[in-house]
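Worksheet for the structure shown next.
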Amino acid sequence: MNPRSPLARTGLSVLALALAAIWGFPVYWMLNSAFLPNVVLQSTDPTLLPFGGSFDNLRVVVTDPAFLSALGTSLVVTLTTVVARSCSRCCSSRCCPPRGCSSPSTR
């Protein structure tokens, strides 16, 4: 099967859409669950569409003081990690050039 044939392109497109749906479903499920009332969340029947949903669960989380503290901690850890990784990458590229690259002094 030629990769440029219409059948191959269609097959690859279908595969890409299926993988995107599999990847995106957990994100959809979290958002769906955030808008459902607790009674519906605790039932044994899954609800794929949030009919009758509300912002009550989100309001409870955002107004909780522990949420802002946890969010601040997450931001500090994330920013520290990004800055530390950026600095280490910058320093290592200056001290140890990648193989195959000659430094100006060895030319």
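Could you give me D for the range 1-54, from Stokes-Einstein at 25 °C and 0.890 mPa s, where the hydrodynamic radius is the Kirkwood radius over C-alpha pairs? Units µm² s⁻¹, please.
Working: Rh = 13.6 Å.
Answer from the Stokes-Einstein relation: 181 µm²/s.
Taking neighbour Cβ counts within 10 Å as the exposure measure, how do Val82, Val40 sort from fewest upward? List each step's numbers first, then the result.
On the way: Val82 10, Val40 16.
Placing the least packed residue first, the sequence is Val82, Val40.
Since every read-out is calculated from the coordinates, none of them should be taken as a lab result. Fair warning: this is a prediction, and the values are worked out from it, not measured in the lab. Here Cβ is always computed from backbone atoms with ideal geometry, including for glycine, and neighbour counts include all displayed protein chains.
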